[in-house]
Amino acid sequence: MLEYAKKLDEARLHKTTMDKITLSYPQLTLDEGYLIQKEGIRLRCARGERVIGFKMGLTSDAKRKQMHVDCPIYGFLTDKMMIQNGEALPLKNRIHPKIEPEIAFFTGKELKGDISFEEALSACTAVCAALDVIDSRYTHFQFTLPDVVADDCSAAFFVAGPAKDPSTIDLSNLDVTLSINGETIASGTTQAISGHPIHSVIQLVKMLHAHHLTLPANSWVLAGSATEAVPLGPDMQITLSITGLDPLHVHSI
Ligand code: OOG
Ligand code: MG
């Protein structure tokens with residue numbers, strides 16, 4: 001079963017797609033999906049990548065409907081996946097990339113187990129507008145829940161905007177506007193992310209605990225998309241504006 005991690009790794013490296021695992025191994029469970037995900041991260045860390053955080057996925061109804069899957073999941077983020085605000089987003093080695101407007105948190109202390117809303121919020125030293133760039137390694141971007149977990153929740157890159165102190169902003173209902181070349185292409189509110197984006201941190205810590213893991217201090221956490229994902233191509237000027245937070249800009253090449 002773990003050999004699927006190698007196949008996914010090769011697809012990620014060589015810009016090829018593969019059949020979803022459940023075509024050849026229909027009994028794949030969610031736990032096995034996470035084992036394959038972990039093995040894939042081990043392969044990447046063996047090549048020098050470093051885990052710097054996690055992404056939550058499928059935390060909004062918009063995304064669950066778009067992808068026909070029904071419950072939140074998590075994946076890993078590594079240093080190699082981070083693109084700085086204002087920089088170029090290189091699509092050369094991507095298969096069928098899409099972007100998602102998100103919120104990111106940065107943690108100041110280790111979190112584990114069941115934590116309260118206040119504990120989660122006060123543990124975060126920064127919050128910002130963020131983009132999740134996803135790029136499924138599966139043909140036609142189609143999968144079941146265990147498949148997408150095995151594929152590190154389609155993660156490719158992420159971008160974090162200018163940071164703010166989370167204690168200074170009410171994050172529960174901020175307007176989210178994603179625009180490409182000056183045109184709005186997706187809009188929603190942060191309420192779409194599990195009612196409040198900090199719930200993604202609480203949920204992530206709980207899910208990590210079930211896998212005998214904790215959320216380390218100084219981790220990035222992507223809260224999940226507030227809207228459907230939008231296809232991405234080269235030469236796009238991308239701006240994400242979230243009321244109360246500073247805007248984020250990148251351009252694809
Ligand atoms: C799975 C990843 C979903 C989100 O923010 O909901 C995700 C996918 O749609 O490929 O990143
Ligand atoms: Mg996402």
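The values are calculated or read from the model by the stated rules, or taken from the named source; none is laboratory data. Here the structure is a predicted model, which is why all the values come from computation and not from measurement. Here Cβ is always computed from backbone atoms with ideal geometry, including for glycine, and neighbour counts include all displayed protein chains. SASA here: full protein model, heavy atoms, side chains in, ligands and nucleic acids out. Shrake-Rupley method; radii C 1.70, N 1.55, O 1.52, S 1.80 Å.
Take the stretch 113-130 and flag every residue that is open to solvent by 50 Å² or more (accessible area, probe 1.4 Å) and either assigned to a strand (DSSP E or B) or without any contact (Cβ under 8 Å) to a residue 24 or more places away in the chain (or both).
118, 119, 125
Collect the residues in the stretch 143-184 that are under 20 Å from residue 107 (Cβ atoms), hydrophobic (A, V, I, L, M, F, W, C) and part of a strand (DSSP E or B), keeping them in residue-number order.
Those that are under 20 Å from residue 107 (Cβ atoms), hydrophobic (A, V, I, L, M, F, W, C) and part of a strand (DSSP E or B): 155, 158, 159, 160.
Table: residues versus (1) more than 10 Å from ligand 1 (Cβ to nearest atom); (2) open to solvent by 50 Å² or more (accessible area, probe 1.4 Å).
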residue: 111; (1), (2): yes, no
residue: 132; (1), (2): no, no
residue: 163; (1), (2): yes, yes
residue: 167; (1), (2): yes, yes
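For every residue, the table says whether it meets (1) touching a Gly at 6+ places or on another chain (Cβ under 9 Å); (2) surrounded by fewer than 16 Cβ atoms within 10 Å (Cβ to Cβ); (3) touching a residue at least 60 places away in the same chain (Cβ under 8 Å); (4) part of a strand (DSSP E or B).
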residue	(1), (2), (3), (4)
203	no, no, yes, no
212	no, yes, no, no
217	yes, yes, yes, no
221	yes, no, yes, yes
225	yes, no, yes, no
234	no, yes, yes, no
240	yes, no, yes, yes
246	yes, yes, yes, no
250	yes, no, yes, yes
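Output the residues belonging to the stretch 52-108 that are among the charged types (D, E, K, R), in contact (Cβ under 8 Å) with a residue 40 or more places away in the chain and surrounded by 15 or more Cβ atoms within 10 Å (Cβ to Cβ).
55, 63, 94, 98, 100, 102
Test residue 240 against the stated conditions and say whether it is modelled with pLDDT of 95 or more and within 15 Å of ligand 2 (Cβ to nearest atom).
yes
How many residues are open to solvent by 80 Å² or more (accessible area, probe 1.4 Å) and either within 22 Å of residue 54 (Cα to Cα) or touching a Pro at 6+ places or on another chain (Cβ under 8 Å) (or both) if we restrict to the stretch 14-42?
4
So residue 215 clears everything in (1) out of contact with any Phe, Trp or Tyr (no Cβ under 9 Å at 6 or more places or on another chain); (2) away from ligand 2 (no atom under 16 Å from the Cβ); (3) hydrophobic (A, V, I, L, M, F, W, C) except one condition, right? Which one?
Condition not satisfied by residue 215: (1).
Can you confirm whether the stretch 172-188 contains a residue that is modelled with pLDDT under 95 and open to solvent by less than 20 Å² (accessible area, probe 1.4 Å)?
Checking the stretch 172-188: not a single residue is modelled with pLDDT under 95 and open to solvent by less than 20 Å² (accessible area, probe 1.4 Å).
Taking the stretch 53-96 on its own, how many of its residues are in a strand (DSSP E or B) and farther than 18 Å from residue 34 by Cα?
5
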